[in-house]
Structures are given as C-alpha cells and as structure tokens.
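The structure appears right after this line, and notes come after that.
The values are calculated or read from the model by the stated rules, or taken from the named source; none is laboratory data. Quick caveat: nothing in here was measured; it's all calculated off a predicted structure. So basically every Cβ, Gly included, is an ideal-geometry build from the backbone, and we count neighbours across all protein chains shown. The area values use the complete protein model at the heavy-atom level, side chains included, leaving out ligands, DNA and RNA. Shrake-Rupley method; radii C 1.70, N 1.55, O 1.52, S 1.80 Å.
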Amino acid sequence: MNNNWIQKTHQTIQKPLVGLCLLVALALSACGGSGSSSTDSTADAVDPYPGVKAYTSLDLNAPLNYTSPTLLGHYDANVLATRNQTSANVTTDKGATLGRVLFNDTRLSFNNTKSCASCHVQANGFVDQAQFSTGFAGGLTTAHAMRLGNVAFYQGNRMFWDKRAASIEEQATDPIQNAIEMGFDATHGGFSALVTKMQALPYYPELFKWVFGDETISEARVQNALAQFQRSMISANSKWDRAYAVIYTNNGSVNSPQSFGRSLTGNNIPEADRFTASEDRGRALFIQGPNNGGKGCAGCHQPPTFSLDPNSRSNGLDLNETVIFKSPSLKNVALDGRFMHDGRFSTLEQVLTHYATGIQAGPARDNRLPVGGIPMTAQDQADIVAFLKTLTDSTLSTDTRFASPFIK
C-alpha cells in the first residue's frame, strides 16, 4: 500500500479528533474541571429582605444608631434616666428602625394618603404648622398637632393634650384608627384590617421578623416600634444647648438651677453660640423664679429638656376651664406655626401676651399662674421670645434617622 496515501488518511482522521478533544477540554474547564463541584463559591447569597430593598433605602445589615446617639454633655446619665421608657419596651436600633418605617408610611392610612409624618413634619420640629391637620379624607382634626422632640422626657407619661392616652405606646396607634386622621376606624375594619393590609406589603413581614424574630404583625408590636422611634427624637443641639454645655462643663458637670441661671454671653462660650443681650435677659426671665426677678417659666417647662413638669396644670386659656392640659417640650417651639392645644395663637408674641394679660380663672388653672397674668413689660415679652428661639434644634429637624426611608 502507498505510504503517502496512508499518511494523508491519518492526518484527515486526526484533525477531527483534535477538534473534539479541544471541545471536551473547554467544556470541562467551564464546569470547573473533571470531578469538581458545580457550585460557584463566589455567588451572592440570597437577599433575605427583597421587599425592604425594593421599597426603602434601609440597610438592615447596618441599622442606624438610635440607642446611643452622640449628645452634648449636659444630657448626662441623670437626665437620660428620666426618660419615660419602660422595661417592657426598651429602645433598640432595630425597633426604632421599624418605627421609622411605620411613622413615614402613608400606606398605613385607609386610602394611602396620610402618615404620622404628614402631620408631624420633621422640618418643622415634628409639628404641623397649620392650626388643624388635614385627615385622609380631607376633614380637619380638632386639636393642633403636638411637637415630638423630647417627648421621651415627659415624666407625667400620659399623652395627647388632654392626657387621654396612658403612654406613648398607647398614643402611637390612636391616629391610625381615628376616623378623621388616618381612617382605620371601626367603619373601615379597625386595626385588624390594617394588619391584613400590612401582611400583603412585602416589606412588613420581613421587618417584623428582623425585629421580633417572626412575621407576626400586631397592634402591640406596632405601638412598641413607634414608641421607640418617638423616644429617640432627642433634642440636644440648639444654640441654648451648645452654650449651656460650656457652663455645665465649667461648673463641675452638674445640671442645677444655679447652672441654668448663669449668663451665656461670656467669652468662654464659642462666639457663634454666645447669647445676645436680649436672648440672655430672656433666659434669665424664663429660668429665674418670681422671687429672683424672673417670671418662673422654668417651673413648668424644665431645663435642660424643657419638658413639662408632670405636676403642672392648665394655663388659664379659657374661663372656668376644667380640662388639665399637658404641653410638649419647648424645644423647636419657634418652628411651630400655631400654639396651644387648639392652635389659637399664630405667634410666640401672642403666647407671651396671654401669659402677661390673659390668664383666666378656672378649676384647672395652675395656681402658679395669677389670674389676669404675670406682670411683664413689652421688653420682657420680647426678650423671652428671643430666648425661646434659641431652643431651635436644626440637627433634629434634619437628622437622617428620622427622615422617610421610602424610595417608592
């Protein structure tokens, strides 16, 4: 047989065999090699919170800090111990994060139009600047929305202007079930109808499991999370806070009437935080009692949190008033557009005029407030207003921890 013919035939057969071997080798390489696992060790783990990721900007692997925020020194252990927190509902980063979602979610109203934040607007000091808030169906509330900064420090515990709720927890879900505010009243199925709605939203079962260990949604859990979020709204960085913190440090780190009474105009205070003559005089009038030349305002609105003394009674707005009203902390009061439980006053100047000339007699009146008014000159009133404006805390009104987390 011809050797040339044999060589050519061998080469013809060899070429397809080489090509076939190359294809097999490539295939084995793509699979990780002969005998290796087909699992890619670098593959991403399945996201356990796809609903949260789809609807919010939250990173549940790194929740924001609610439990130990950075505060100026005068918010010391003694002040923080006065928070109206119970052992049954201690604030956690996870719980407050859920509260942030609940507080800002319009889907918790019957027609998806109103949230807690709709009436308690962060930029306004968590208050509605309107006299009365507009509810889910266009109706108006019957009381002015309260500021929420430092709500944790009210020792009387009972919430709302008329104190009808026994705690922040109980207060938290009342607006949701209110026939005017958010609409899940009895005619719309009550809270159980809201739970059904929340169960169908992809992010709530995930969040409740993240916080509580299981997906169960209940009113008690909603109340606890909202209360934790609201108790985290601590106002500690106003002009007054920054100036007073210097006095606190230089006075042996003690909050006391003597410390609160010290001037805040000195050179030891950073220039940007030094009080003007009017602000400092207003501070003295506010802090000091009548026997020391002041007006005694701090007897009810107690520094450094400026929360209401729980023993305070009403302020004589109306003749023969019988309801003993509470008020919110005065922190960020200048951001409020209306004042008093019914929002009857539109300026701080009108508020001071009431205290100077308008206090009415009645069984609910605080006996520290004389019928007719506290003697004050026009300058006294202007100086106290100037001081009240130093309680504005822009940090709280812009803090990301309290902003809406929703992206859709």
**OP:** Relative to the longest principal axis of the C-alpha atoms of the chain, give the angle of the C-alpha long axis of helix 239-250, reported between 0 and 90° and rounded to the nearest 10°.
**Re:** 80 degrees
Original post:
Can you give the charge dipole size of segment 142-199 about its Cα centre, rounded to the nearest 20 debye, using +1 on the beta carbon of Lys and Arg and -1 on the beta carbon of Asp and Glu?
Top reply: 120 debye
**OP:** For helix 277-287, report the angle its Cα long axis makes with the longest principal axis of the Cα atoms of the chain; keep it between 0 and 90° and round to the nearest 10°.
**Re:** 80 degrees
Subject >> Amide proton proximity set for Val121, modelled H, under 5 Å, gap of 5+ >> reply: Phe126, Val127, Asp128
**OP:** Counting only C-alpha contacts under 8 Å and six or more residues apart, can you give the relative contact order of segment 181-280 as a whole percent?
**Re:** 15 percent
Original post:
Relative contact order, percent, of segment 80-191 when contacts are C-alpha pairs under 8 Å separated by at least 6 residues?
Top reply: 23 percent
Original post:
Out of Leu80, Phe402, Ala179, whose Cα points farthest toward the positive end of the dipole of the chain (charges: +1 Lys, Arg; -1 Asp, Glu; placed on Cβ)?
Top reply: Phe402
Original post:
Can you list the HN-Hα couplings for segment 227-235, worked out from phi with the Karplus curve (6.51, -1.76, 1.60; θ = phi - 60°), rounded to whole Hz and with x for Gly and Pro?
Top reply: 5, 4, 5, 5, 5, 7, 7, 8, 9
Original post:
Which residues' amide hydrogens lie under 5 Å from the amide hydrogen of Ala165, considering only partners 5 or more residues apart or on another chain, with H built in the peptide plane?
Top reply: Met159
Original post:
Which pairs break 19 Å Cα to Cα here: Lys331/Lys389; Lys114/Lys331; Lys163/Lys197; Lys114/Lys197; Lys53/Lys209; Lys239/Lys331?
Top reply: Lys114/Lys331; Lys163/Lys197
Original post:
Going toward the positive end of the dipole of the chain, with +1 on Lys and Arg Cβ and -1 on Asp and Glu Cβ, which of Asn104, Gly299, Gly190 do you reach last?
Top reply: Asn104
Original post:
To the nearest 20 debye, what charge dipole does the chain have about its Cα centre, counting +1 at the Cβ of each Lys and Arg and -1 at the Cβ of each Asp and Glu?
Top reply: 340 debye
Subject >> Paramagnetic reach from Ala88 (point 7 Å along Cα→Cβ, amide N under 16 Å) across segment 202-231 >> reply: 218-228
Subject >> Formal net charge of residues neighbouring Phe191 (Cβ-Cβ distance under 10 Å; K, R +1; D, E -1) >> reply: -2
Original post:
Where the accessible area of segment 228-283 is counted over protein heavy atoms with a 1.4 Å probe, how much of it, in %, is carbon and sulfur?
Top reply: 48 percent
Original post:
Which of the peptides 123-134, 92-103, 362-373 is most tightly packed, and how do the rest follow, going by the mean number of other Cβ atoms within 10 Å of each residue?
Top reply: 92-103, 123-134, 362-373
Subject >> Between helix 203-212 and the chain: long-axis angle, C-alpha atoms, 0 to 90°, nearest 10 >> reply: 70 degrees
Original post:
What order, most packed first, do the peptides 145-154, 171-180 have when packing is the mean number of other Cβ atoms within 10 Å of each residue?
Top reply: 145-154, 171-180
Original post:
Given the rule -39500 (n - 2.57) for each run of at least 4 DSSP H residues, summed and divided by the residues of the chain, what is its mean residue ellipticity at 222 nm, to the nearest 500 deg cm²/dmol?
Top reply: -10500 deg cm²/dmol
**OP:** Note down the relative contact order for the chain as a percent, whole number, built from C-alpha pairs under 8 angstrom at least six residues apart.
**Re:** 20 percent
Original post:
Amide H neighbours of Phe345 under 5 Å, counting only residues 5+ apart in sequence or on other chains, H built in-plane at 1.01 Å?
Top reply: Phe339
**OP:** Rounded to whole Hz and in sequence order, give me ³J(HN,Hα) for segment 392-408 from the Karplus expression 6.51 cos²θ - 1.76 cosθ + 1.60, θ = phi - 60°, writing x for Gly and Pro.
**Re:** 6, 10, 5, 4, 5, 6, 10, 5, 4, 4, 10, 7, 5, x, 7, 10, 7
